[in-house]
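In what follows, a single structure is set out as structure tokens and then discussed.
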Amino acid sequence: MFDKILVVCVANICRSPTGERLLKSLLPEKSVASAGIDCEKSRMVGKPADSMACSIAQQNNLGLSGHLAQQLTAEMCNQYDLILVMEKKHIEAVTQIAPQARGKTMLFNHWAGREIPDPYRQSHEAFEHVYQLMYEAALAWKEKL
């Protein structure tokens, strides 16, 4: 049913790469990728994951090496069965890029009914908090899928 999952955040350097790798580790039979809504505007296309995100992931035995940020496109939205975003406003942003994707776009932390805040340029503790939220959300998706 949901074999191809796309994880989306703003610039595709903190939350979405972490979410992608978490889901890949918990759901190895699924095809999982990530992208950014504003990757081109923020000049992040082709950039690796944020160093703090990499550090936190590594502390939790999750690697982000090899990740390169990419811009979300309508074509990408069409290719995936489920699109998971970090904040409610991202649902609207995805819908502007690909209106037909609205019905398959949900919060990454859907099962807890919470958004996942952006830790970019914040403290180590902020990144740890976001990682924990994402880990718990990924476990919930594993149970549901």
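The values are calculated or read from the model by the stated rules, or taken from the named source; none is laboratory data. Note that the coordinates shown come from a computational prediction; the quantities given were computed from them, not determined experimentally. We place every Cβ from the backbone using ideal geometry, glycine too, and count neighbours over all the protein chains shown.
Report every pair of residues separated by at least 6 positions or lying on different chains whose Cβ atoms are under 7 Å apart, first residue within the range 47-63 and closer than 16 Å to VAL10 by Cβ, second in a helix (DSSP H, G or I) and modelled with pLDDT of 95 or more.
ALA49/PRO17; MET52/PHE127; ALA53/PRO17; ALA53/THR18; ALA53/PHE127
For the range 1-44, which residues satisfy the criterion of being surrounded by fewer than 17 Cβ atoms within 10 Å (Cβ to Cβ), under 21 Å from VAL94 (Cβ atoms) and either charged (D, E, K, R) or at pLDDT 95 or above (or both)?
Matches in the range 1-44: ASP3, LYS4, SER31, ASP38, GLU40, LYS41, ARG43.
With more than 27 Å from PRO28 (Cβ to Cβ) and either touching a His at 6+ places or on another chain (Cβ under 6 Å) or not hydroxyl-bearing (Ser, Thr, Tyr) (or both) as the only criterion, which of ALA112, ALA69, ALA74, ALA140 stands out?
Checking each option against the conditions leaves just ALA74.
For the range 45-145, which fully contained helices (runs of 4 or more DSSP H) count at least 2 residues that are aromatic (Phe, Trp, Tyr)?
124-144
Which residue, of GLU125, GLU92, GLU143, GLU87, is charged (D, E, K, R), on the phi < 0 side of the Ramachandran plot and buried (at least 16 other Cβ atoms within 10 Å of the Cβ)?
Of GLU125, GLU92, GLU143, GLU87, the one residue that is charged (D, E, K, R), on the phi < 0 side of the Ramachandran plot and buried (at least 16 other Cβ atoms within 10 Å of the Cβ) is GLU87.
For GLU29, work out the one condition from (1) of a type outside the set (Val, Ile, Thr); (2) more than 18 Å from ALA140 (Cβ to Cβ); (3) assigned to a loop (DSSP other than H, G, I, E, B) it doesn't fulfil.
GLU29 satisfies all of (1) of a type outside the set (Val, Ile, Thr); (2) more than 18 Å from ALA140 (Cβ to Cβ); (3) assigned to a loop (DSSP other than H, G, I, E, B) except (2).
Regarding ALA98, is this residue among the small types (Gly, Ala, Ser), more than 24 Å from LEU26 (Cβ to Cβ), surrounded by fewer than 18 Cβ atoms within 10 Å (Cβ to Cβ) and out of contact with any Leu (no Cβ under 7 Å at 6 or more places or on another chain)?
Answer is no for this residue.
Taking the conditions exactly as written (touching a Phe, Trp or Tyr at 6+ places or on another chain (Cβ under 9 Å) and either buried (at least 21 other Cβ atoms within 10 Å of the Cβ) or within 18 Å of CYS14 (Cβ to Cβ) (or both)), does ALA69 satisfy them or not?
no
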